[in-house]
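Below is one structure; the comments refer to it alone.
Every number here is computed from the coordinates shown, using simple stated rules; none is lab data. Treat the numbers as computed from the prediction; the structure is a model and nothing was measured. Neighbour counts are summed over all protein chains in view; Cβ atoms, including those assigned to glycine, are modelled from backbone coordinates with ideal geometry.
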Amino acid sequence: MCGIAGAIGVLDDRVMAVLDRVDRAQSHRGPDGHGLWRSTDSQTGPGAAFAHRRLAIIDLDERAAQPMTDAPSGNVIAFNGEIYNFRELRDELERAGVTFKTTSDTEVILAAWNAWGESMLARLAGMFAFALFEKKTGDVILARDRIGIKPLYFGLETHASGSAPTLLFASEVRALLAGGSFERRLDPVALSGFVWHGFVRGDGTLVHGIRSLPAGTFARVASATLRVEPQVYWRLPAPTTRRRDTEELAHVTQRAVREHMISDVPLAVFLSGGVDSSAIANLTTREARGVSTYNVGFDETEFDESKHARAVATALGTDHHEIRLSGARFSSDLPRALAALDQPTFDGINTWFVSKAVREAGVVVALAGTGGDELFGGYSSFRDLPRVRRASRALGLVPRGWITRASRAAVRARNGAVREMPPQTRWGKLGDALVARGSLVELYQTAYALFSQDFYGELLSRDIVSLTSAGLTAAQADDLAHKVRGRTELDAVSLLEIESFLTSRLLRDTDAVSMDVSLEVRVPLLDHRILEAVFALDDSVRFADLGTKAPLRSIGLNGLDPALFERKKSGFVLPIERWCRAELGSEIDGVFADADTCRSVGLAPAAVAKLWRAFKNGEPGIYWSRVWAIYALLRWCKTHEVRL
């Protein structure tokens with residue numbers, strides 16, 4: 001696990017100084033080592049330069065430092081991530097005559113490229129983003145893991161002072177900004193999507209000119225052209241008639257967990273006490289003794305799940321640790337937590353606080369249960385969307401205007417007294433959902449929208465609103481519609497959860513905030529071999545007793561008392577709503593009252609003030625996430641001096 005950065009094109013003194021600033025801005029990602037490599041000393045001819053910040057996890061020896069050069073071929077790699085099946089690949093390569101100088105997975109990637117070329121990507125099991133300089137062609141291959149666990153951002157300089165442009169890449173958007181070669185200008189399309197979702201969905205970023213390499217793709221970049229044209233090497237499995245069973249899934253899952261435990265530094269498990277994290281903890285105890293588990297608890301009892309985690313840890317016999325987080329500590333650490341966000345999001349800081357506490361306890365690698373809900377139907381969306389879809393289809397011949405007016409009236413009747421702002425919950429967006437005409441993609445987008453269509457239009461100008469429809473560009477909507485075509489409803493909802501919520505928010509946020517404190521977080525349930533096995537289950541098995549994640553329980557909770565998990569589902573959520581009204585009230589007041597900043601990022605100051613008043617007044621259906629998303633956007637843009 002590391003931070004990588006690089007430049008492709010002309011490597012003059014100015015470009016190398018830019019790369020140095022980008023590299024330094026990622027020092028938190030790799031406190032254990034630093035390396036720099038360049039393909040040529042020429043300041044006029046094209047070439048490539050890589051920088052690397054190392055968080056040493058596997059093979060702590062200095063010989064495993066990066067950028068790493070392969071002596072036989074002259075190829076060079078800067079790699080971020082872990083290859084979990086590297087020992088298996090190493091054995092195969094050794095049988096073919098390859099000699100290794102280290103025990104690192106990095107050297108295995110170089111040897112695998114020599115042996116198999118681009119096809120080796122399909123053989124890697126892991127989370128990764130890397131840049132590989134191929135000496136014989138002079139090209140740089142950029143690649144990213146299948147599900148997008150590890151990030152890779154790139155862009156052509158926009159501040160090149162009249163010189164030839166250079167392609168820059170890095171593990172973080174804010175690092176590229178620190179290089180000083182990109183105009184600090186908001187991308188209006190990304191802004192439109194952000195206000196809809198509370199995060200930037202897809203391969204764009206909030207910064208004009210900086211993009212993300214899509215998950216499951218690679219790109220061959222020639223230093224003469226600098227074109228990045230991603231090629232897909234993996235997609236989420238399509239519907240298949242070849243069905244697999246839970247016994248096969250159990251075998252694949254146990255193997256994945258075993259490989260995810262490979263580490264030469266202290267490793268632990270995030271344990272909330274819920275099904276997903278408990279399954280991972282249980283599976284790790286089958287592989288090793290003395291497994292460490294960590295839980296964060298709160299003084300606010302309604303948010304505190306520590307007793308459930310403690311009960312699971314006791315049943316498993318783990319070395320369990322509880323960390324308490326108070327509102328006062330949250331408030332004092334909030335500036336650093338917000339600074340850790342690579343892009344604004346309504347989430348993320350909860351994982352930062354957990355990661356910071358675990359890292360301070362001496363842990364370097366943590367396993368998380370991320371993915372269980374998306375794979376096995378744990379969210380309410382799996383129940384709600386098919387129901388609303390049927391209602392929406394039934395109203396197919398009713399004019400949209402009639403549906404909208406009737407829905408508004410129903411919301412007002414249910415809400416009681418006249419309020420300044422109607423609820424922004426799924427109930428409050430009922431009219432938006434019913435006019436979707438049964439489109440599952442549009443229904444999903446409406447369900448997860450932060451705001452109703454009406455208030456969305458109040459926050460943003462008509463020009464910015466028009467850049468997306470239901471939070472998606474036309475290309476994004478077409479892509480999702482194509483991907484869900486031919487799938488069952490539940491399978492399609494699972495794909496939408498993975499393609500949107502998981503990859504664009506959960507994984508992106510987790511990487512940024514955990515690496516801010518130099519902690520590697522691994523997500524075994526998102527191993528591509530598990531994904532392929534799960535998507536090959538029949539719906540009647542995969543979504544049995546919908547909402548309970550029955551297959552994961554049978555595989556991961558075997559041996560534990562089912563009574564430990566007989567309670568209402570609750571995710572890990574900080575008591576932010578309460579803290580927003582208390583410790584953070586004056587801070588948010590100041591940010592929301594800054595009309596100039598609001599206008600500079602395209603938000604209507606009156607609408608922002610209206611949202612904050614409604615929240616403070618306790619109006620129903622105005623949840624903290626709505627306020628927090630706008631607060632995070634304003635703070636991030638002001639900190640990084642990014643504006644429209």
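As I understand it, the dipole of region 181-313 uses +1 on the Cβ of Lys and Arg and -1 on the Cβ of Asp and Glu, about the Cα centre. Which of S292, T246, S278 lies farthest toward its positive end?
Among S292, T246, S278, the one farthest towards the positive end of the dipole of region 181-313 is T246.
Let me confirm the definition first: pairs of Lys residues in the chain, 8 or more apart or on different chains, C-alpha distance under 17 Å. How many are there?
Step by step, the pairs that qualify in the chain add up to 4.
Report the relative contact order of region 2-232, percent, no decimals, based on alpha-carbon pairs under 8 angstrom and at least 6 residues apart.
Relative contact order comes out at 21 percent.
Nearest 20 debye, what's the magnitude of the dipole of region 479-598 about its Cα centre given +1 on Lys and Arg Cβ and -1 on Asp and Glu Cβ?
540
What label, among [x] 0.95; [y] 1.10; [z] 1.55, belongs to Cα Rg over 2.2 N^0.38 Å computed from the structure on display?
[x]
Are there chymotrypsin sites (Phe, Trp or Tyr not before Pro) in region 76-150 that DSSP marks as loop and that have at most 15 other Cβ atoms within 10 Å, and which are they?
Those that pass, being in a loop and sparsely packed, are F100.
Taking the Cα centre of the chain as origin, sum charge times position over the Cβ atoms of Lys and Arg (+1) and Asp and Glu (-1), and report the length of that vector in debye to the nearest 20.
So the magnitude is around 1880 debye.
Taking the Cα centroid of region 191-218 and of region 87-122, what is the distance between the two, rounded to the nearest whole Å?
After rounding, the separation between the Cα centres reads 33 Å.
Roughly how many nanometres apart are two label points built 7 Å out from the Cα toward the Cβ at R324 and S461?
5.1
Counting each DSSP H run of 4 or more residues in the chain as -39500 (n - 2.57), what helix-only mean residue ellipticity at 222 nm follows after dividing by all residues, to the nearest 500 deg cm²/dmol?
It comes out at -12000 deg cm²/dmol, rounded to the nearest 500.
Would you order M16, M515 from fewest to most other beta-carbon atoms within 10 Å of each residue's own beta-carbon?
Ranking M16, M515 by Cβ neighbours within 10 Å, fewest first, gives M16, M515.
At 0.36 nm per residue, and after removing the present C-alpha to C-alpha distance, how many nm does the segment from R95 to D264 gain when stretched out fully?
Additional length available on full extension: 58.3 nm.
Can you give me the relative contact order of region 1-57 as a percent, contacts being Cα pairs under 8 Å and 6 or more apart?
Relative CO of region 1-57 lands at 52 percent.
Tell me the relative contact order for the chain as a rounded percent, counting alpha carbon contacts under 8 Å between residues six or more apart.
Taking the mean separation of contacting Cα pairs over the length of the chain, I get 16 percent.
In region 191-277, what trypsin sites (Lys or Arg not before Pro) fall in a loop by DSSP, with at most 13 other Cβ atoms inside 10 Å?
R227, R235, R242, R243
Looking at G138, T44, A190, which one has the Cα that reaches farthest to the positive end of the dipole of region 2-232 (charges on Cβ: Lys, Arg +1; Asp, Glu -1)?
Farthest towards the positive end: A190.
Just to confirm a number: summing +1 for Lys and Arg and -1 for Asp and Glu over residues other than G457 whose beta-carbon lies under 12 angstrom from that of G457, what do you get?
Charge balance near G457 sits at -3.
Within the chain, which is the longest segment containing none of the GluC sites (Glu not before Pro) that sit in a DSSP loop and have at most 11 other Cβ atoms within 10 Å?
Answer - 1-301.
Loop only by DSSP, 15 or fewer other Cβ within 10 Å of the Cβ. Give me the trypsin sites (Lys or Arg not before Pro) in region 455-514 that pass, ordered by residue number.
Counting only loop positions with at most 15 other Cβ atoms within 10 Å, the trypsin sites (Lys or Arg not before Pro) in region 455-514 are R485.
Tally the DSSP beta bridges in the chain and give the antiparallel ones as a percent, rounded to 5.
75
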